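**Q** First the structure, which I've put down as structure tokens, then a few questions once you've had a look.
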Amino acid sequence: MNGTQRWRRDYRELYFFLAGSVLIMDQVTKLIVAKTIHLNDAITIIPGFFRISHVLNRGAAFSLFAEIRSPLAPLGLLLFSAIVMTVITVILAKSAKVLSRTNVGLALILGGALGNFLDRLLMGSVVDFLAFQLGSYHWPDFNLADSAIMIGSALLLLDVALHRDEVKA
């Protein structure tokens, strides 16, 4: 092993630590909400804008596909999540020497996917609790896992946009 190889950093631990941290924070916040707020109830934090609620979501992020009543829908979401988590885990495991926005985004997505996967596996639905409203418009309730998935996705899109600009230059 030469000097440069010895000082190369392995970032896998960082990526999986980030994913694990998202998973733990997601599960802890959901547990706190479930223990302190009755199902389908909410606590107003900023009147007319923000509440902490306690709702169950049988669909995907932001209640996508929640209206599908097929008994196969939860299984499909579990299967899709398992595939996505497996692919991301393989990518991160192979990206040991690269610290990048893309890999941080993937780690956030992995942690969020794990949080919601665990809920679906154990309860058949996901606990959502962040409720925003602006006037008469109510954004679908969501949770920390959904937030991590969205932030991770935004980082991936940012890398695509920045890479496109680099290719044009």
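Read-outs throughout are calculated quantities, based only on the coordinates presented, and are distinct from any laboratory measurement. Being a predicted model, the structure only gives us computed values, none of them experimental. Please note: Cβ atoms are built from the backbone with ideal geometry, for glycine as well, and neighbour counts cover all protein chains shown.
**Q** Put a dot 7 Å past each Cα toward the Cβ at M123 and M150; how far apart are the dots in nm?
**A** Going by the 7 Å Cα→Cβ label model, 1.9 nm.
**Q** Within segment 88-169, list the trypsin sites (Lys or Arg not before Pro) lying in a DSSP loop whose Cβ has at most 12 other Cβ atoms in a 10 Å radius.
**A** Those that pass, being in a loop and sparsely packed, are K97.
**Q** Whole-Hz ³J(HN,Hα) for each residue in segment 108-122, computed from phi via Karplus 6.51 cos²θ - 1.76 cosθ + 1.60 with θ = phi - 60°, x for glycine and proline: what do you get?
**A** Listing the rounded values in order: 5, 4, 4, x, x, 4, 4, x, 6, 4, 4, 4, 4, 5, 8 Hz.
**Q** On to the next question. Roughly speaking, what is the stretch gain from Q133 to F17, that is 0.36 nm per residue apart minus the C-alpha to C-alpha distance, in nm to one decimal?
**A** Length gained, Q133 through F17: 38.4 nm.
**Q** Could you calculate the contour length gain from F80 to D41, that is, 0.36 nm times the residue separation minus the distance between their Cα atoms, to one decimal place in nm?
**A** 11.0 nm
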